[in-house]
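First up is the structure itself, then whatever we jot down about it.
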Amino acid sequence: MEGIPARARVYAACAVLGTLLCTVPSLPGAPTPWWAVALLAALYAGGERIAGRRFAGTLHPVLLAGAFLLAPSAAALVPLPGALFSHVERRPVALRRVWRAAHASLAVWAAARAHGALGGRDAVAGSDLPYALVPAGAAVLVFCAALALLDGGMRALAEGLPPRRVCRGLFLRSLAPLAVHGLAGLMIAVLWRSPYGPVAALLVLFPTAVSWWVFAQYHRERAAHQATIRALVQAVDIKDGYTRGHSERVGQASVLIGRELGMDEGRIEMLRFAGILHDVGKLGVPTRLLRKDGPLTPEERRVIELHPEYGHEITRGISFLGEARSAILHHHERIDGKGYPYGLVGSQIPEPARVVAVADAFDAMTSTRSYSRARPVHVALEELRRCAGAQLDPRMVEALTHVITRDGWHPVVTAEEARPGVPSQSQAPDDRSGAHR
C-alpha cells in the first residue's frame, strides 16, 4: 500500500462498499440477462487488455452500451472483470485494480439509473430515434460527472490537490470524448435490440479501434515530446543544483495563470513547455557562475544575461514548442523596457513571456537559493503586486494572485528535493536586483 495515504485507502474502501450495494438488484425476482452481462463483460475485459498494450484509451462504448441495455445492478457488473484483471504498472497493484473496478462500476450504475429514469431502455428497445438520444445524453453526462467526482476525490486525497479544480478539469476534459463514446454505445444498444442482434452491434467497435490507433500515434508523439523536455530539464538541474525543481514549478505556475485567464488547452500546454524550458539556456553558462555564492560582477552578470538567447538557439529545431520559444527568449524583458535581451516594452513582449516572467519571479522568491532564503507565499504575492506595471504584467500578476489566494499554492516537489538535507521551497523575486539566475 506504499505511496497511498490512509485517507485515500478509506475512500477506496467506501467506493468498494458502494459498488457491492449497487450490484444488488433493486427489484428482487427481476430476471437478469446473464448472457448479455457475460458477453459485454468479456468484450470489455478483452478490449482493455488489447487497448492497454497496443492502443490507448478504454472501452467506454461497451460500458455505456451496458448502461443503455441493462438494469443498473446488472450494468454495474460489466466493468468488474476487465478492471480487476487489467494491466497496472504502479504499485500497489491490487489496490489500484480494486479502485479502478469500483469507480467504473459506480459510474456505469449511475449512468444506467439516469438512462432508465428517462425511459431510455424502452426507447432503445423500440429504436425510438431521435428521442433515444435524450436519455442517452443524460446518461453520458451523469457517467462523465461520476468519473470526474470519483477520480477527483481520489486525487485530492492522495495528492493534496484542490478538489473543485481537479473535478472540474477532469469533467471538462473528458466530456467531449465521452459524448462520442456515448453515441457509439447507443448505436451498439439499438443494433443489439434490432433484428440484426448482438453480432451486428459489435461491428460498431471497428471505428472505435481505428480512433484508438490514431490516438495511440498522438500519444506516442506526445511521449517523445515529454522525453525531449525531461532530458533538457535534467541537464539544467544537474548543472545548477540549487534550482532543482524550479523549472517544473515555473511550468506549474504558468499553467495556473493560463487557466485563470481562460486560455484554451493548447495554449496552456504551450505555457507549461515554456515554463519548464525557460532556463534551458543555462546550459551555455559556465557552471561556476551559476553556483557562485555572493554577488555577481557586472561582467559575470552580462554572461548570465545571455542565457535567454542561448535557450532560444538550443530549442530552435524543436518544432512542437511553437510560441514557447518566444517565452524562452523574452522571459527577462520588463514592462518598463529595462529588461533583456532586447529591452522590449509593454505589449511588445510576447504574452507567453509575460506569463512565464511572473511564474519565474514567484518561484524564485519562494525557493531557497545559494544567495537568498525562501519567502512566504503572502510576502511573495505582495512583492509581485509591487512590481506590477514596472517589471511585470499587472494582468498576469493579478491572475496568479487570484488563483493562489483561492486555491493555495501546491508546488511540485522533486525526488531530489524530498531528500533530507536538500533545500526545499517554502509556501510563494529575490532576483539579484532584477535578474533572476
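Laid out as a table, the results:
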{"quantity": "Mean shadow area of region 56-95 over all directions, Cα convex hull, nm²", "calculated": "3.4"}
{"quantity": "Dipole moment magnitude, nearest 20 debye, the chain about Cα centre, only Lys, Arg, Asp, Glu C-beta charged", "calculated": "840"}
{"quantity": "Spatial separation of Cα centroids for region 326-355 and region 61-116, in angstrom", "calculated": "50"}
{"quantity": "Nearby lysines by direct alpha-carbon distance to Lys239 (threshold 21 angstrom, same-chain neighbours under 8 apart not counted)", "calculated": "Lys282, Lys292"}
{"quantity": "The chain: radius of gyration and largest Cα-Cα distance (Dmax), Å", "calculated": "26.0, 86"}
{"quantity": "From phi via Karplus (6.51, -1.76, 1.60), per-residue ³J(HN,Hα) for region 64-70 in Hz, x at Gly/Pro", "calculated": "6, 4, x, 5, 7, 9, 10"}
{"quantity": "Rounded percent of accessible protein surface that carbon and sulfur make up, the chain, 1.4 Å probe", "calculated": "62"}
{"quantity": "Heavy atoms of Asp122: accessible area, 1.4 Å probe, square angstrom to 10", "calculated": "120"}
{"quantity": "Around Gly152: net Lys/Arg minus Asp/Glu count, Cβ-Cβ under 11 Å", "calculated": "+2"}
{"quantity": "For Leu392, residues with placed amide H under 5 Å, excluding near neighbours", "calculated": "Ile335"}
{"quantity": "Rg/Rg_globular for region 88-166, with Rg_globular taken as 2.2 N^0.38 Å and Rg from C-alpha atoms", "calculated": "1.38"}
{"quantity": "Region 118-123 - phi-based ³J(HN,Hα) in whole Hz, Karplus 6.51/-1.76/1.60, Gly and Pro as x", "calculated": "9, x, x, 5, 5, 5"}
{"quantity": "Equivalent ellipsoid, region 61-206 (semi-axes from 5 times Cα gyration tensor eigenvalues, Å)", "calculated": "28, 17, 12"}
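The values are calculated or read from the model by the stated rules, or taken from the named source; none is laboratory data. Keep in mind the model is a prediction, meaning the values are calculated, not measured. Virtual Cβ from ideal backbone geometry, glycine too; neighbours counted across all protein chains shown. Just the protein is used for accessible areas: all its heavy atoms, side chains included, with ligands, DNA and RNA removed. Shrake-Rupley method; radii C 1.70, N 1.55, O 1.52, S 1.80 Å.
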